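Undergrad: Have a look at the structure that comes next, please.
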Amino acid sequence: MPDQRPVSLITGAGSGIGRATATLLAQRGHRIALAGRRAEILCKTGLILGEEGRDWVSLPTDVSVTDDAYSLPDRVLASFGRLDAVVNNAGWSPMKPIQDHTPDDVAAIFGVNAIGPALISIAALRIMKSQGAGCIVNVSSMASDDPFPGLSIYGAAKASLNTLVKGISNEAGPDGIKAFSIAPGAVETDLLRSIIPTDVLPESACLKADDIASVIAACVLGERDDDAGKTIWLPSP
C-alpha cells in the first residue's frame with residue numbers, strides 16, 4: 001500500500017526552530033521534506049527523524065533564488081506524492097542601521113524572508129487545492145510589529161508574511177486550507193547569535209526553539225484552528 005502518512009515541508013530545517021519543528025512533526029507521524037542551503041546540515045536533522053527516503057528527504061534549496069523557491073513544493077510532491085503542510089521558517093538578516101543598508105542587502109533580506117515564502121506558498125497552494133486540504137505556517141517575528149534597532153528592513157520583510165496568511169485564509173480557506181503566522185521575539189539560535197552577542201541580549205531573555213516548534217506543530221496538527229488567518233504573537237520572556 002502507498003504510504004499515506006502526511007508530509008510537511010520545512011525550510012530552514014538544518015537547525016534551530018526548523019530542526020525542532022521537524023522532530024515534533026515526525027514524532028506525530030509526518031514525513032518531512034527538509035529544505036535549506038546546506039545538505040550536510042539537513043542530513044544531521046534527518047538522522048534524528050528516521051529512515052532517509054521513507055521518513056524524510058533532504059532538498060537543498062536557497063529560498064532567495066526565485067526558481068528554487070517556486071519549484072520546491074513540486075520537488076516534495078515528486079519525492080512523497082503529496083504535500084500537506086508548509087512551514088516557511090527560513091530567515092536571515094544582517095544587523096545594521098536602516099540607512100546603512102545597500103540595495104543588495106534589501107534584495108537579499110526580502111528574498112529570504114518575504115519573496116521566497118510567497119513563491120513557495122503559491123506553488124504549494126496549487127497542490128493543496130487539488131488535495132482538498134493543507135496548512136501553511138509562516139514564521140514571522142515580533143520585529144514585524146516593533147523592530148529591534150538594526151532590524152528594520154528585516155521587520156518590514158517579515159510583516160509581509162503576516163499579511164500573506166490573511167490573504168491565504170480569505171482566498172483558500174473555503175478550499176480547506178489553513179494559514180498561520182507565528183511571530184516570536186528573540187529565539188536562542190545560531191542565527192540570533194550570529195548578529196547579537198549574549199552581552200547585548202542574554203540567553204535568559206530569549207525563547208527556546210522548542211517553544212516555537214510546539215506552536216507551529218499545533219497549527220499543522222489542527223490544534224489551533226481558531227487562529228487560522230491570524231498572527232500568533234510570542235513575546236520573549
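Bear in mind that the values in this text are calculations on the coordinates, not laboratory data. All values reported here derive from a predicted model rather than from experimental measurement. Quick reminder, even Gly has a Cβ in these numbers, built from the backbone with ideal geometry, and neighbours come from all protein chains shown.
Undergrad: Where does each of M142, M1, M128 land when they are ranked from fewest to most other beta-carbon atoms within 10 angstrom?
TA: On the way: M142 21, M1 3, M128 26.
So the residues, fewest neighbours to most, are M1, M142, M128.
Undergrad: I've got another one for you. What is the fewest-to-most order of T102, T23, T231 by other Cβ atoms lying within 10 Å of their Cβ? Provide the component values of the computation, followed by the final result.
TA: On the way: T102 10, T23 18, T231 21.
With the fewest neighbours first, T102, T23, T231 line up as T102, T23, T231.
Undergrad: Subtracting the Cα-Cα distance from 0.36 nm times the residue separation, let me have the gained length for D199 to E51 in nm, one decimal. Kindly include the intermediate steps, with their values, before the conclusion.
TA: Numbers: separation 148, 0.36 × 148 = 53.28 nm, distance 4.07 nm.
Result: 49.2 nm gained on full extension.
Undergrad: Please state the charge dipole magnitude for the chain, taken about the Cα centre, from unit charges on C-beta atoms (+1 on K and R, -1 on D and E), reported in debye and rounded to the nearest 20. If you can, show how the numbers build up before the last one.
TA: Values: 20 positive and 27 negative charges, 91 e Å.
Approximately 440 debye in magnitude.
Undergrad: Which semi-axes, in whole Å and largest first, does the equivalent ellipsoid of the chain have when worked out from the alpha carbon gyration tensor as the square roots of 5 times its eigenvalues?
TA: Working: eigenvalues 143, 73, 60 Å².
Semi-axis lengths for the chain are 27, 19, 17 Å.
Undergrad: Nearest 10 degrees is fine. How inclined is helix 66-80 to the longest principal axis of the chain, computing both from alpha carbons?
TA: With rounding to tens, the tilt is 30 degrees.
Undergrad: Taking region 7-234, how many lysine pairs are there with alpha carbons less than 24 Å apart, if each pair must be eight or more places apart or span two chains?
TA: 13
Undergrad: If you line up the long axis of helix 209-220 against the longest principal axis of the chain, both from Cα atoms, how many degrees apart are they, to the nearest 10?
TA: 40 degrees
Undergrad: With a 10 Å Cβ neighbour count serving as the proxy for reagent exposure, in which order, fewest first, do I10, I182 appear?
TA: The fewest-first ordering by Cβ neighbours comes to I182, I10.
Undergrad: Oh, and also: Taking the Cα atoms only, what angle lies between the long axis of helix 152-172 and the longest principal axis of the chain, rounded to 10 degrees?
TA: 30 degrees
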